[in-house]
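Reading through the structure tokens given below for one structure.
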Amino acid sequence: MFRHHRVYIVLLAVSVLLLAGCSASRPNAQPSVTFGSNASGTPGMPGMSGMPSMTGAPPGAATGSSAAVAGDQVGIDNFAFAPATLTVKAGSTVTWTNHDEEPHTVAATDGSFHSPGMGTGATFSHTFPAAGKFDYVCSIHPMMHGTVVVTQ
Amino acid sequence: MSQDPRAMSRRQLIRHAAWFGAAVGFSVVGGEVISHVAGTAAAERAHARPTLRFAQVSDSHIGFTGAPNPDVTATFRHAIDQINNLGYTPDFVIHTGDLTHLSSPDQFDQAKQMLSGLRTPHVFTVPGEHDSVDDAGQKYRSVFGAATQGDGWYSFDIAGVHVIALVNTLNLKKLGHLGVEQLEFVEKDVAGLSSDTPIIVISHIPLFAMYPDWGWGTDDATQALSYLRRFSSVTCLNGHVHQLFSQMEGNVTFYSGTTTAYPLPHPGDGPAPKPVTLPAGKLGDALGIREVSYTKGQTALALKEDKLQ
């Protein structure tokens with residue numbers, strides 16, 4: 001339970017600058033790291049030891065699957081599937097398009113389909129050969145729910 | 001706003017500190033948030049190197065290209081440079097997840113290359129849900145998961161402090177999730193520790209209920225924290241929410257860190273946690289890094305939030 005506590009502001013100033021300034025007068029040995037007995041090696045990675053910062057490669061382009069084709073469409077806007085429930089005939093191909101800046105996925109609750117991460121503007125299509133009711137979520141934001149109802 | 005600083009909540013304190021951008025060290029002692037700086041005792045302590053000091057950086061979203069931050073590479077590099085120029089070498093740096101935006105191999109490769117530019121003996125990571133978008137974290141672990149256990153969790157001891165790094169971005173139903181296997185790991189991991197061992201728990205998604213409607217909580221965190229109840233000092237550091245926030249529950253203090261990429265709304269401000277586009281020139285105020293230090297004999301860690309500048 002979140003309890004409120006009184007807060008005392010003693011002073012606003014620059015202790016950390018003092019800290020940084022004074023630390024040089026002390027030996028600066030770094031403490032060693034010990035990993036748990038179950039560890040088979042060393043998690044993490046070493047940092048650099050004194051070289052200038054390197055230049056990273058440009059980010060890879062967001063993956064977009066094939067352009068939307070004629071068929072039944074579901075938009076993803078503001079962290080919601082629209083329409084939340086889509087009814088199509090068996091054999092239909094449903095295409096989802098992500099309009100958010102956040103990536104989303106389309107993941108069937110029964111595991112029958114799962115999109116890759118869809119960046120802004122990316123689409124994902126799935127064909128439903130047989131009748132049924134298919135619930136799905138965004139696996140990144142599982143509060144987002146949708147359903148495809150497939151009729152004969 | 002009250003004129004009496006004693007009436008400030010911690011959240012207000014953090015906003016207050018962020019507003020002024022001042023170097024405010026605040027610690028929680030006996031349930032009181034105390035901002036201590038340059039006073040006599042603090043100044044004395046400031047002369048000694050803390051027992052442990054490290055930096056936290058989070059939510060870099062390499063690959064994001066939207067209007068809220070068209071160049072996340074530049075802001076992440078800026079954050080790395082700022083850590084490299086703290087005036088001391090942090091004992092380690094922890095990245096609390098969402099290294100990438102879409103879990104692509106290119107993005108992981110770039111994030112790893114950039115992290116390797118940190119001047120520190122150790123760089124640790126935990127995955128965010130953006131690092132496990134479509135493969136339950138396999139690509140993440142192939143790059144960052146060496147020698148970790150289970151789905152990528154691990155622990156280590158440094159300078160008398162026990163650090164537990166957890167993965168709560170897999171098998172999501174609504175909230176973050178640890179799972180039975182990881183809960184057992186936590187229970188066994190701390191079983192042999194003396195109760196006065198300071199504990200630091202690292203995760204991406206908050207381990208406290210910051211705003212469950214947006215998934216900002218972890219459904220089985222209470223179980224994990226029950227194993228830590230006997231410890232006198234437990235500090236949980238997380239990312240995910242792209243903003244500073246702290247909360248105390250019993251012996252545990254939770255600190256959400258900010259991002260190097262783009263801000264998200266305050267809890268409940270709008271329909272969804274959509275990236276926020278700030279007015280020109282304001283982005284750096286919302287981004288930052290965190291310095292954390294621990295001095296033996298003190299219960300609380302000292303945190304300092306630094307804006308990107």
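Derivation of every value follows stated rules applied to the coordinates shown; laboratory data play no part. Bear in mind the structure is a predicted one, so any value in this text is a computation, not a measurement. Cβ coordinates were reconstructed from backbone atoms using ideal geometry, including for glycine residues, and neighbour counts include every protein chain displayed.
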Restricting to region B:53-307, what percent of DSSP beta bridges are antiparallel, rounded to 5?
50 percent
Phi to ³J(HN,Hα) by Karplus 6.51 cos²θ - 1.76 cosθ + 1.60 over region A:133-148, Hz, x for Gly, Pro
10, 10, 8, 8, 9, 8, 6, 7, 10, x, 6, 8, 10, x, 9, 10
Of B:162, B:204, how do they rank once you tally other Cβ atoms within 10 Å and put the fewest first?
B:162, B:204
From other protein chains only, count the Cβ atoms within 10 Å of every residue's Cβ in B:235-244, then give the mean.
0
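Under unit Cβ charges (Lys, Arg +1; Asp, Glu -1), what dipole magnitude, rounded to 20 debye, does region A:72-151 have relative to its Cα centre?
For region A:72-151, the charge dipole is close to 300 debye.
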A correct fewest-to-most ranking of B:112, B:188 by other Cβ atoms within 10 Å would be B:188, B:112
Coarse-grained scattering of region A:72-151 at q = 0.14, 0.26 Å⁻¹, given as base-10 log I(q)/I(0) from a Debye sum over alpha-carbon atoms
-0.37, -1.33
Just the Kirkwood number for region B:156-309, please: inverse of mean 1/r across all distinct Cα pairs, in Å, one decimal.
16.4 Å
Largest-first semi-axes in Å of the equivalent ellipsoid built from the Cα gyration tensor of region B:53-307 are 26, 20, 18
Rounded Å value of the spacing that divides the Cα centres of region B:265-303 and region A:106-120
31 Å
Separation between the residue A:151 and residue B:229 pseudo-spin-labels, each 7 Å from Cα along Cα→Cβ, expressed in nm?
5.5 nm
³J(HN,Hα) across region B:51-60 via Karplus (A = 6.51, B = -1.76, C = 1.60, θ = phi - 60°), whole Hz, x for Gly/Pro?
4, 8, 9, 8, 10, 10, 9, 8, 6, 8
Towards the positive end of the charge dipole of region B:196-280, with charges on Cβ (+1 Lys, Arg; -1 Asp, Glu), say which of B:271, B:205, B:218 has the farthest Cα.
B:205
I need the peptides B:173-183, B:49-59, A:77-87 ranked by packing, meaning the mean over residues of other C-beta atoms within 10 angstrom, with the highest value on top.
B:49-59, B:173-183, A:77-87
Built amide H within the under 5 Å cut-off of residue B:216, gap 5+:
B:211
Using packing as a proxy for protection, rank B:295-308, B:97-110 so that the peptide with the highest average count of other Cβ atoms within 10 Å comes first.
B:97-110, B:295-308
Peptides B:272-278, A:136-142 ordered by average Cβ neighbours within 10 Å, highest first:
A:136-142, B:272-278
For residue A:104, other-chain or 5+-apart residues with amide H closer than 5 Å (H placed, Pro excluded) are A:118
State the volume of the convex hull built on the alpha-carbon positions of region B:227-309, expressed per residue in Å³ and rounded to an integer.
103 Å³
Do the alpha carbons of any pairs in B:112/B:173; A:89/B:139; B:282/B:304; B:174/B:296 sit beyond 32 Å of each other, and which pairs?
A:89/B:139; B:174/B:296
Region A:84-152: antiparallel bridges as % of DSSP beta bridges, rounded to 5, reads 75 percent
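Taking the beta-carbon count within 10 Å as an exposure proxy, list B:214, B:153 from fewest neighbours to most. Mind showing how you got there, number by number?
Numbers: B:214 22, B:153 25.
Lowest count first: B:214, B:153.
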Rg/Rh for region B:117-229, where both radii come from Cα atoms and Rh is the Kirkwood radius
0.96
Under the rule of at least 5 residues apart or a separate chain, name every residue whose amide H is placed under 5 Å from the amide H of residue A:122.
A:98
Partner shielding of B:93-103, as the mean number of partner chain Cβ atoms within 10 Å, equals 3
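Please give the FRET efficiency for residue B:81 paired with residue B:142, using the beta carbon to beta carbon distance and R0 = 22 Å, rounded to the nearest 0.05.
Values: r = 28 Å, r/R0 = 1.26.
E between residue B:81 and residue B:142, to the nearest 0.05, is 0.20.
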Compare the Cα positions of B:155, B:138, B:167 along the charge dipole of region B:53-307 (+1 at Cβ of Lys, Arg; -1 at Cβ of Asp, Glu; about the Cα centre) and return the one farthest towards the positive end.
B:155
On average, how many beta carbons from a partner chain sit within 10 Å of the beta carbon of a residue in B:60-69?
4
